[in-house]
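Following: one structure in structure tokens, then a few remarks.
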Amino acid sequence: MQQPSARLGDPVASVATPALVIDLDAMERNLAAMAEFARSHDIRLRPHAKMHKSAAIAQAQIAAGAIGVCAQKVSEAEVLAEGGIADIFISNEVVDAAKLSCVAALATRITLAIAVDSILGVDRLAEACKAAGSAPDVFVEIDVGQGRCGVSAEAAGALAQHVVSRGLRFAGLQAYQGGAQHIRGAAEREAAVRRAATLVRAAQASINSAGLECPLVSGGGTGTFAFEAASGVWGELQAGSYLFMDGEYADIGPAEHAPRFEHALFVKSQVMSRSASHVVVDAGIKAYAIDSGLPKVRGRELEMFNYGDEHGVLKPSGSGSAVDLPQLGETIWLVPGHCDPTVNLHDAYVAVRGGLERGVVEALWPVDTRGCLI
């Protein structure tokens, strides 16, 4: 059995590497900043739990004012419900009949919502809910520019009408545009949200023409939430990565009136080999995802130039030189490029209070929904 990387009360220096570490002070500042933004803009906050995969963190978000959380997979929702989360939106399509039976059963235990974009999905959901005696909220997903899931704005009314005809509760529109989140310029991201808002309004008109009201529009992410909040169209934000702020999100230009977030998630590593030109740390791609680029190095003029399963090769960058290379055994803090898949590589978080230099381990949280792919 693998030994735990840390114990409660340990100094951060003693945390075994590689380890997934949360700077609790930074995370809580991020948590408070987003909660205050939502309150001040009178908009609901339903952060995406697929990012952190933790019931404990979801509970902290709800305690700060979130209405509930989002999940992308049925198994994620089930695990979070077992962890005490009582309001979950599966913001994704499910068409498999067996999975929809699980959705219907879960909806008898908690407040549950799900997205749909097909007649088949609606029909199978209705059959499952009739058998279970449950009534989840149903959101019609529209494609607002992602080119992934979702019906056209013009087709939204007909699908919403079908939801109602099958005895299900139509709750509104799912309108999320993942591709807009990482557009580098704030003005360009704002323009993408304006285009999306035009499609949402068209979908609302389609729904009204079908004789229905659209109670809510849900969507938005860490890169665009300020623009969705200002649009007057979205009533609920699904931003998630703000809590940890990975390298990819830190590289985009922030919106002028949006709160600023700090890096709060790190992979702790240490130098295991040293040469005249580079050092090697003991964290490779088994410890961090690289779909959004290699990790950045916190507080050092070092750049990762190479990697392997268990190794990361760092060389001087910028004005750094080989004489500034860290020593054997020295701690190197890595900022993941993409927090969601990085978290999924680890069994647990080491949550540190008091900073990464002199802090102590305050909590050890399991990554509850790690591997929840179904």
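Observations on the model:
- Residue within the range 110-117 that is more than 19 Å from Leu80 (Cβ to Cβ) and in contact (Cβ under 8 Å) with a residue 40 or more places away in the chain present: yes
- Single residue of the range 11-38 satisfying the filter (in contact with a Phe, Trp or Tyr (Cβ under 9 Å, 6 or more places away or on another chain) and of a type in the set (D, E, K, R)) that is surrounded by the most Cβ atoms within 10 Å (Cβ to Cβ): Asp23
- Residue in the range 111-130 that is modelled with pLDDT under 95 and part of a helix (DSSP H, G or I) present: no
- Number of the exception - Gln146 against (1) surrounded by fewer than 19 Cβ atoms within 10 Å (Cβ to Cβ); (2) polar (S, T, N, Q); (3) in contact with a strand residue (DSSP E or B) (Cβ under 9 Å, 6 or more places away or on another chain): (3)
- Selection of first residues in the range 68-94 that are closer than 16 Å to Ala135 by Cβ and of second residues that are among the hydroxyl-bearing types (Ser, Thr, Tyr) and surrounded by fewer than 22 Cβ atoms within 10 Å (Cβ to Cβ), restricted to Cβ pairs under 7 Å at least 6 apart or on distinct chains, gives the following pairs, ordered by first then second residue: Ala86/Thr111; Asp87/Thr111.
- Candidates Ala186, Ala180, Ala191 - the one that is over 18 Å from Asp117 (Cα atoms), among the aliphatic types (A, V, I, L, M) and without any contact (Cβ under 8 Å) to a residue 40 or more places away in the chain: Ala191
- When the range 80-105 is filtered for residues that are within 17 Å of the chain's Cα centre (by Cα) and either part of a helix (DSSP H, G or I) or aromatic (Phe, Trp, Tyr) (or both), the ones remaining, listed by number, are Leu80, Phe89.
- Checking the stated criteria, Ala132 turns out to be out of contact with any Lys or Arg (no Cβ under 7 Å at 6 or more places or on another chain) and small (Gly, Ala, Ser).
- Residue within the range 131-149 that is part of a helix (DSSP H, G or I) and of a type in the set (Asp, Glu) present: no
- Within the range 84-104, considering residues that are among the small types (Gly, Ala, Ser) and surrounded by 17 or more Cβ atoms within 10 Å (Cβ to Cβ), the one farthest from Ala60 (Cα to Cα): Ser101
- Look at (1) in a loop (DSSP other than H, G, I, E, B); (2) more than 28 Å from Asp117 (Cβ to Cβ); (3) touching a helix residue (DSSP H, G or I) at 6+ places or on another chain (Cβ under 6 Å) and you find that Asn30 fails only one, number (1).
- Unmet requirement for Arg184, which otherwise passes all of (1) assigned to a helix (DSSP H, G or I); (2) in contact with an Asp or Glu (Cβ under 9 Å, 6 or more places away or on another chain); (3) surrounded by fewer than 19 Cβ atoms within 10 Å (Cβ to Cβ): (1)
- Boolean, Ile114 is under 21 Å from the mean Cα position of the chain (by Cα), surrounded by fewer than 22 Cβ atoms within 10 Å (Cβ to Cβ) and over 25 Å from Leu20 (Cα atoms): no
The values are calculated or read from the model by the stated rules, or taken from the named source; none is laboratory data. Predicted model only: the values in this text are computed from it and were never measured. Every residue, glycine as well, gets a Cβ built from its backbone with ideal geometry; the counts of neighbours run over all protein chains shown.
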